[in-house]
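Let me begin by presenting the structure, written as structure tokens, before commenting on it.
What follows draws every value from the coordinates through simple rules; no lab data is involved. Here the structure is a predicted model, which means the values were calculated and not measured. Quick reminder, even Gly has a Cβ in these numbers, built from the backbone with ideal geometry, and neighbours come from all protein chains shown.
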């Protein structure tokens, strides 16, 4: 859970953040969950999540947004998996033309049943009591941190499973394209050995084969680059899981 520090200037912001988390939704998509309370009431219209992708501001409209009483609010956003690293840097909400900074998103529980209800908001007095109990029970704090670390590892393992599935699909596609390329090259070689009486027909067949080979080679290169990128992503996730 991402809660503001009592001494943070974010306490004066129009939106009081409770948590910003991401969980794997599929091999292609992460679900970013944002919950908190609007101090001046829920804004009209769409509240978009803005992700800073290497300097490019990318807005996302909520798939689900729930507004409760007293400004309590939660939303879920579908974000491409390739933006996972960007979720740990600069995030913001854009509401009614106003941009509000958010803390970095942390990995949420892989099993959503373990997560706190998105629309549930804890009273500030209760939060203070919990902080006091936490300060006086260091051992309990260690246990909670261990549980959070376990949840992070479980989430990363889930995403790793998605990435491994994507990698297998990419490698299968690459193998199929390589086989098609080999067949096309063999066909091209056979065509070159054929001596036809009609020169124009032979040239047309050769040009068609050359075009297909060029296209297939480009797709094979793209598939290999995609597989390498996925392998790097899996290594990063393994390291992140080990550190957690």
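Extension gain, residue 203-residue 63: 0.36 nm per intervening residue step, less the Cα-Cα distance, totals 45.0 nm. Ordering 60, 15 by the number of other Cβ atoms within 10 Å of each residue's own Cβ, fewest first, gives 60, 15.
How many percent of all Cα-Cα pairs in segment 46-86 sit more than 15 Å apart? Here the long-distance tail beyond 15 Å is 47 percent of all Cα pairs in segment 46-86.
Ranked for footprinting exposure by Cβ neighbours inside 10 Å, fewest first, 226, 46 give 46, 226.
Put in order of Cβ neighbour count within 10 Å, fewest first, the listed residues 232, 191 become 232, 191. Projecting label points 7 angstrom from Cα along Cα→Cβ for residue 29 and residue 99 puts them 2.6 nm apart.
With 0.36 nm allotted per residue and the present C-alpha distance subtracted, the residue 168-residue 88 stretch has 26.1 nm of extension available.
Modelled spin labels at residue 222 and residue 243, positioned 7 Å past Cα toward Cβ, are 3.3 nm from each other. If the chain linking residue 212 and residue 180 were pulled fully straight, counting 0.36 nm for each residue of separation and taking away their Cα-Cα distance, it would gain 10.5 nm. Computed from label points 7 Å out along Cα-Cβ, the spacing between residue 192 and residue 232 is 3.5 nm.
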